[in-house]
Amino acid sequence: MEQRITHACGHEQVHLLYGFDSQVARKARWLSTTKCRACFVADKQAEQAKAAAQDSAAIAHLDLPALTGSERQVGWATAIRAGRLAALTANPHTRAAADCDLCLRIVDAEWWIDHRDLSHADLIARTAELLPVADMLVNHQRSEAVRHERPATL
Ligand SMILES: [Zn+2]
């Protein structure tokens, strides 16, 4: 049954509702408490744009190399990388410049896309696999740092 629903946002949208009358009435009531599709999509896009703006502000100090790949891959991977680096920069456990440095060396858009669901720790481990020499340097710097942090009277 086609029903014209007035959504919580004030817009009307036609919905196809199936079932018994009581079910249709329940669905119609529920739909009237939600936003229409257009507003839902607009909200999502606004959220994404806000997150993207926050990400790029958070990593504005980083010198990001251009990514390589198809135009579509680069566009997607740029957003993934921005989100990841913003999160790494904000996280006190991974803020170490070294971790970001490793990520900054990876310019393959496909790599960022393939690894987008990894945890921060796993991602950093993968960058180390990819960049073994860089990793050695980083580990060296880390052990140096640990040594320096230790109080002299231990
Ligand atoms: Zn609406």
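What the table below lists for this structure:
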{"quantity": "Residue under evaluation THR34, criteria (1) without any contact (Cβ under 8 Å) to a residue 40 or more places away in the chain; (2) open to solvent by less than 40 Å² (accessible area, probe 1.4 Å); (3) more than 16 Å from the ligand (Cβ to nearest atom), criterion not met", "calculated": "(3)"}
{"quantity": "From the options THR78, THR94, THR89, THR127, residue that is at pLDDT 85 or above and buried (at least 17 other Cβ atoms within 10 Å of the Cβ)", "calculated": "THR78"}
{"quantity": "Pairs with Cβ under 7 Å, 6+ apart, first in segment 40-55 and touching a residue at least 12 places away in the same chain (Cβ under 8 Å), second away from the ligand (no atom under 13 Å from the Cβ) and open to solvent by 60 Å² or more (accessible area, probe 1.4 Å)", "calculated": "ALA52/ALA79"}
{"quantity": "Every residue from segment 15-25 that is open to solvent by less than 90 Å² (accessible area, probe 1.4 Å) and more than 34 Å from the chain's Cα centre (by Cα)", "calculated": "LEU17, GLY19, SER22, GLN23, VAL24, ALA25"}
{"quantity": "Lone qualifier among ALA58, ALA28, ALA42 - being small (Gly, Ala, Ser) and either surrounded by fewer than 11 Cβ atoms within 10 Å (Cβ to Cβ) or under 14 Å from the mean Cα position of the chain (by Cα) (or both)", "calculated": "ALA58"}
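The values are calculated or read from the model by the stated rules, or taken from the named source; none is laboratory data. What you see is a predicted model, and the numbers here were worked out from it, not measured in a lab. All Cβ positions, even for glycine, are placed from backbone atoms using ideal geometry, and neighbour counts span all protein chains on display. Protein only, heavy atoms only, side chains kept; ligands, DNA and RNA dropped before computing areas. Shrake-Rupley method; radii C 1.70, N 1.55, O 1.52, S 1.80 Å.
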